[in-house]
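Remarks on the structure that follows.
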Amino acid sequence: MLGFLVRPLDALGDSGHDVLLKKAYELKEQYKETEALAVYEQIIAADESNLEALCQASLLHSLMGNRFSDDTRKLNHFSTARTYAHRAFLLDSTGARSNYAMALSLASLAMVSGPKQRLALIGETKSYLDGALAADETYADAWHLLGRWYFKMANLNFAEITTYKVMLGGMTEKTATNKDAIYAMEMAILHNPNNLRYYFDLANIYQEMKNKEACVYTLQRAMAQNINLQTKEELELSRRCKIMLQAFQK
């Protein structure tokens, strides 16, 4: 589950859009993302410069796009996510939320893009993650996405490396390592130890590195947290963690 940054409820007023923001927050907390998104978009329709609604709508579109199997529906959600994120970024180019929303929307779009555009979008993502963490170094989701970015860049295939070199006008050294990815994932866990996705992705990095001991230890840490699983995605992640752990312990 994505860790949405929102203003505390007691910081919101009782008039106009703040009432709707409260309603959207409550719906999201109840995992009613579709209903929450509708409220955020209602706010945006009435107030195009509502930063909170723009950021949250962008994050929800990125989240919901991942739930579809066909690229057309994914693309519709991810494109809308980028549109909202860009509008938020224009309003607040140094904010953690607006930078993270941009980074997530670009990373999401990369998944449904062709090889060259995918690399361009992935490359562009990094600056927004740096911006998010410069504004809030405890932003767990930004650390997590940065870890995924490092892992992708550290494991480019030959064709991707060649394409990336051409795009950058020459690349003389690796831009990322698996150690960078591990560090970022650990920082995500440090700042939010109750997100199962962080452990699962870290375990997969260790598995890719053929570090069985570290992989098992990471999965055991995840199980020891006794994370309260609320969504289908979280239940599926838990199942996959257990299967991976059992496979290593045979």
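Tabulated data
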{"read-out": "Selection within segment 211-250 - assigned to a loop (DSSP other than H, G, I, E, B), touching a residue at least 12 places away in the same chain (Cβ under 8 Å) and farther than 18 Å from Glu186 by Cβ", "value": "Asn228, Leu229, Gln230, Thr231"}
{"read-out": "Ala24, sole failed condition from (1) over 30 Å from Thr162 (Cα atoms); (2) open to solvent by 10 Å² or more (accessible area, probe 1.4 Å); (3) over 19 Å from the mean Cα position of the chain (by Cα); (4) not acidic (Asp, Glu)", "value": "(2)"}
{"read-out": "Failed condition for Ser105, given (1) surrounded by fewer than 19 Cβ atoms within 10 Å (Cβ to Cβ); (2) assigned to a helix (DSSP H, G or I); (3) in contact (Cβ under 8 Å) with a residue 40 or more places away in the chain", "value": "(1)"}
{"read-out": "Odd one out for Ser69, checked against (1) surrounded by fewer than 21 Cβ atoms within 10 Å (Cβ to Cβ); (2) assigned to a helix (DSSP H, G or I)", "value": "(2)"}
{"read-out": "Conditions (1) surrounded by fewer than 17 Cβ atoms within 10 Å (Cβ to Cβ); (2) within 24 Å of Ala203 (Cβ to Cβ): number failed by Gln117", "value": "(2)"}
{"read-out": "Pick from segment 72-102, criterion open to solvent by 70 Å² or more (accessible area, probe 1.4 Å) and among the β-branched types (Val, Ile, Thr), ranking: farthest from the chain's Cα centre (by Cα)", "value": "Thr72"}
{"read-out": "Number of positions in segment 171-210 that are assigned to a loop (DSSP other than H, G, I, E, B) and within 20 Å of Lys152 (Cβ to Cβ)", "value": "10"}
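The values are calculated or read from the model by the stated rules, or taken from the named source; none is laboratory data. All of these numbers come straight from a predicted model, not from anything done at the bench. Every residue, glycine among them, receives a Cβ derived from its backbone with ideal geometry; neighbour counts consider all protein chains shown. Ligands, DNA and RNA are excluded from the accessible area calculation, which covers all protein heavy atoms including side chains. Shrake-Rupley method; radii C 1.70, N 1.55, O 1.52, S 1.80 Å.
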